[in-house]
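A quick write-up on the structure given underneath.
The values are calculated or read from the model by the stated rules, or taken from the named source; none is laboratory data. The model shown is predicted, which means the values in this text are computed figures rather than measured ones. A quick note on method: Cβ atoms are made from the backbone with ideal geometry, for glycine too, and the neighbour counts reach across all protein chains shown. Surface areas here come from the heavy atoms of the whole protein model, side chains and all, with no ligands, DNA or RNA. Shrake-Rupley method; radii C 1.70, N 1.55, O 1.52, S 1.80 Å.
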Amino acid sequence: NENISTDADFVASPFRVDTGLNAEVWCDLYVPPGTEPGTYKGNVNVLSGKKRVARVPVTLTVWDFELPSEISMRSHFGKFNEASAKIAGTEKGSEEFLEMENLYNKALLEHRAVPSTPDNVWPEWNEKEGIIEKGESGRLRELIEKGKVNAVDIPLRYYREDPHKCKNYLQAMAKWLRDLGYLDLAYIYLEDEPNSAEEYEIVRRQGELIRSADPGIKRMCTEQTKPSKHEWGDLYGAVDIWCPL
């Protein structure tokens with residue numbers, strides 16, 4: 001089919017451009033599964049106030065195949081956090097926050113970018129009762145089976161105040177994930193972007209603690225394999241997944 005027409009109309013968020021400056025606009029077009037192949041045409045209208053100052057014609061060709069629903073690349077694209085909530089005029093943990101978090105995660109996953117795992121899929125734990133399940137396994141299953149999430153980041157709780165307690169917590173968390181069949185998708189985000197001898201040592205301590213708790217938990221570090229300075233030592237043995245800067 002050629003020149004398929006629709007009556008869809010989308011309004012972008014307004015923004016300001018100072019006099020004498022240029023602003024670039026990136027338009028990401030999402031083609032949902034099941035879209036009829038063909039040529040789609042439309043226009044981008046540029047407004048200043050209510051006055052149209054330009055009309056940019058757009059042509060989109062939709063081919064007669066679909067990409068698999070599974071996401072091939074494993075990634076971590078951050079989370080809808082407290083700072084995001086503040087900008088949006090809400091507070092973390094509120095009903096509105098959870099709704100916006102779901103929309104944020106959905107948008108990333110539709111574009112094959114995996115968000116940080118939401119806090120509400122991780123159960124509470126204490127040394128007396130162990131894992132306290134309150135529906136978290138169902139939320140995690142939905143995220144992986146329906147959302148196609150292929151990597152989940154376990155929060156590194158209790159590490160700074162009580163490493164022994166942290167080890168017990170990680171052992172329980174690893175067993176919980178292993179019983180659910182998801183431990184192979186799990187990892188822990190180590191000290192972020194280590195860039196000093198002290199921070200390299202933190203990564204080594206974290207890595208050893210996690211390995212001693214359960215070697216099935218993968219360890220991810222946002223650092224290249226070669227240290228920035230030789231005297232810092234290296235991170236081999238402490239890191240399983242390298243995320244070079």
Discussion item. With the requirement that a residue be under 14 Å from Ser228 (Cβ atoms), part of a loop (DSSP other than H, G, I, E, B) and open to solvent by 70 Å² or more (accessible area, probe 1.4 Å), what does the stretch 191-203 give you?
Written reply: Glu193, Asn195
Worksheet, complete the sentence: Note: among Glu24, Glu36, just one is touching a residue at least 24 places away in the same chain (Cβ under 8 Å) and exposed (fewer than 12 other Cβ atoms within 10 Å of the Cβ), namely Glu36
Worksheet item: Which of the residues that make up the stretch 217-241 are part of a strand (DSSP E or B) and either touching a helix residue (DSSP H, G or I) at 6+ places or on another chain (Cβ under 8 Å) or exposed (fewer than 12 other Cβ atoms within 10 Å of the Cβ) (or both)?
Response: Arg219, Cys221, Tyr236, Val239
Worksheet item: Looking at this structure, is Ser84 part of a loop (DSSP other than H, G, I, E, B) and small (Gly, Ala, Ser)?
Response: no
Worksheet item: Pick from the stretch 141-179 the residues that are hydrophobic (A, V, I, L, M, F, W, C) and over 20 Å from Pro215 (Cα atoms): which of them is most open to solvent (accessible area, probe 1.4 Å)?
Response: Leu143
Discussion item. Pro244 - would you say it is open to solvent by less than 40 Å² (accessible area, probe 1.4 Å) and part of a loop (DSSP other than H, G, I, E, B)?
Written reply: no
Item to complete: Determine, yes or no, whether Glu136 is open to solvent by 60 Å² or more (accessible area, probe 1.4 Å) and farther than 24 Å from Ser13 by Cβ.
Response: no
Fill in: From Leu140, Leu103, residue being in contact with a strand residue (DSSP E or B) (Cβ under 8 Å, 6 or more places away or on another chain) and assigned to a helix (DSSP H, G or I)
Leu140
Worksheet item: Considering only residues of the stretch 175-216 that are in contact with a helix residue (DSSP H, G or I) (Cβ under 6 Å, 6 or more places away or on another chain) and charged (D, E, K, R), which is farthest from Asp153 (Cα to Cα)?
Response: Asp214
Worksheet item: So which residues in the stretch 87-119 are in contact (Cβ under 8 Å) with a residue 24 or more places away in the chain and either more than 23 Å from Lys146 (Cβ to Cβ) or polar (S, T, N, Q) (or both), if there are any at all?
Response: Asn105, Ser116, Thr117
Fill in: Selected residue [touching a residue at least 40 places away in the same chain (Cβ under 8 Å), out of contact with any Gly (no Cβ under 8 Å at 6 or more places or on another chain) and over 25 Å from Arg204 (Cα atoms)] from Lys79, Lys148, Lys128
Lys148
Worksheet item: Is there any pair with a first residue in the stretch 44-64 that is of a type in the set (Ser, Thr, Tyr) and a second that is in a strand (DSSP E or B) whose Cβ atoms are under 9 Å apart and which are 6 or more apart or on different chains, and what are they?
Response: Thr59/Thr39; Thr59/Tyr40; Thr59/Lys41; Thr59/Gly42; Thr61/Gly38; Thr61/Thr39; Thr61/Tyr40
Worksheet item: Going by the structure shown, is Gln206 surrounded by 13 or more Cβ atoms within 10 Å (Cβ to Cβ), out of contact with any Phe, Trp or Tyr (no Cβ under 9 Å at 6 or more places or on another chain) and of a type in the set (S, T, N, Q)?
Response: no
